[in-house]
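Coordinate-derived values only; no laboratory data. Keep in mind that what you see is a predicted model, and the values were worked out from it rather than measured. Please note: Cβ atoms are built from the backbone with ideal geometry, for glycine as well, and neighbour counts cover all protein chains shown.
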Amino acid sequence: MTKITPEPGAKAPKPNDPAASLAPGLSSGRPAPPGKRPAPPSKPGLRPANPNFASGPCAKRPGWSPAALAGALTGRSHRSKPGKARLKEVLQRTRAILGIPAAYRIAIVPASDTGAFEMALWSLLGARGVDVLAWESFGSGWVTDVVKQLKIKDARAIEAPYGELPDLAQVDFSRDVIFTWNGTTSGVRVPDGNWIAPARPDRGASFDARGVKPARQGLTLCDATSAVFAYDLPWDKLDVTTYSWQKVLGGEAQHGILILSPRAVERLESHAPPWPIPKIFRLTKGGKLIEGVFEGETINTPSMLCVEDALDGLKWAEREGGLKGLIARSTRNAAAIEGWVARTPWIENLARAPNTRSRTSVCLVFTDPLIAGLAPEARVAFARKVSAILEEEGAGYDIAHHRDAPAGLRLWAGATVETADLEALFPWIEWAFANAKDSLP
Ligand SMILES: Cc1ncc(COP(=O)(O)O)c(C=O)c1O
């Protein structure tokens, strides 16, 4: 495997490394104001109405209660007429809200986003060389799958440390390209799809010397689980897209959505991978696509409760104005966090470049010199302490960094979160931060 990193010596993210590298310059922090230590902020009175800020499973939609599932088709076969109709309804509403082209196929598949993405890797790879991009834990996981599990010989890992994006210009679209739209554990996302080669030669703007951007020959495979319903994804640039209901939609885990372009289907029907494909991943039979899987005839049994919940989430999305409405909610939430960070001297966004900052999983690091100067394990303990204080107070749940990421906080800003709840959370973080700092030895 070839490794490509943006600058010599920059560390690639490593799973389970609490001292995972920060992008250069982030650890130094802003100087503390001179003079006396400021009085700690007083304990806030108002708690967020919904204190759930986890990055998955994410907050349920505003107003959700188990009553939303009252009409679920429990105790009935998913292959019955009404069962199939519900599954089809999920596919139809999904296509309409996300603007997925009619020629693309959508399936509900097992094992959440991981299942959907691995199904794609196992079914499609092996036909040509592979470029895998990784800048945080989940991308690194896909590198492991490609290199260590599927053992693709001609694989290049194009990597960057936490807080940064790899050099997208290095990507070679004559190969299959694997990437994560939004890196949930670092809060770094790709800015757009302009760096991705088109499906057909594209005459225009700033392309090659002849004014032509060559078409991609390989497939693009995008893990978009924390991006779908938060970004307007360029479907023509994506051959495989996966996500789970448990993220922006505030749905349940264990069901994945797999979206395939006609090019991906062509590959499925023309390429037989050299490794065995378990039944749970099988999308073809006798070299032909199993069309039923993309019409609501799932490979195995789905939970009709989760299906009902997904429908509830999709109907809520429609009431909010569809994709545009969800993007607006998420953008407003991310802006509220950005505003608070800007007026708070001891915290900074982990994502360095503003146009790579996530509007769903916003990752923050403490730049207070005392905290930034702690040993890596102590920094992790400090972040966990802040998060534990908030949890004890019922003010905010699950906002510590992901276990593989640099120590800090991670706030979910997806559409199901209310901006007012984030605004109510900020004074609590300030209070918890001051208390955790005071209790340092
Ligand atoms: C980018 C990314 N990929 C994959 C996963 C795994 O998703 P799931 O647990 O739904 O399989 C996650 C979950 O947080 C994620 O953020």
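The table for this structure:
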item: Spatially proximal aspartates and glutamates relative to K315 (Cα-Cα < 13 Å; intrachain offsets below 8 disregarded); result: E89
item: Directionally averaged shadow of the range 151-269, computed from the convex hull of its alpha-carbon atoms, nm²; result: 8.9
item: Ascending count of other beta-carbon atoms within 10 Å, so fewest first, for L364, L260, L46; result: L46, L364, L260
item: The chain - mean residue ellipticity at 222 nm from DSSP helices (-39,500 (n - 2.57) per run, n ≥ 4, rounded to 500); result: -9000 deg cm²/dmol
item: Residues M119, M1, M304, sorted so that the one with the fewest Cβ neighbours within 10 Å comes first; result: M1, M304, M119
item: With Cα atoms, 0 to 90° folded angle of helix 81-98 axis to the chain main axis; result: 60
item: Antiparallel bridges, percent of DSSP beta bridges restricted to the range 69-319 (to nearest 5); result: 50
item: Cα centroid of the range 245-297 to Cα centroid of the range 125-177, whole Å; result: 21
item: Under 5 Å, built H, 5+ apart or other chain: amide partners of L219; result: D176, V177
item: Acute angle (nearest 10 degrees) that the helix 304-319 long axis makes with the longest principal axis of the chain, alpha-carbon atoms; result: 70
item: Scattering profile of the range 42-116 at q = 0.25 Å⁻¹ [log10 I(q)/I(0), Debye over alpha-carbon scatterers]; result: -1.29
item: √(5λ) per eigenvalue of the Cα gyration tensor, the chain, largest first, Å; result: 37, 28, 18
item: Among beta bridges that DSSP assigns inside the chain, antiparallel share in %, nearest 5; result: 55
item: Reachable aspartates and glutamates, given that their alpha-carbon falls under 15 Å from the alpha-carbon of K237 and they are not under 8 places away in the same chain; result: D172, D176, D192, D202, D223
item: In degrees, nearest ten, helix 419-438 long axis to first principal axis of the chain (Cα); result: 50
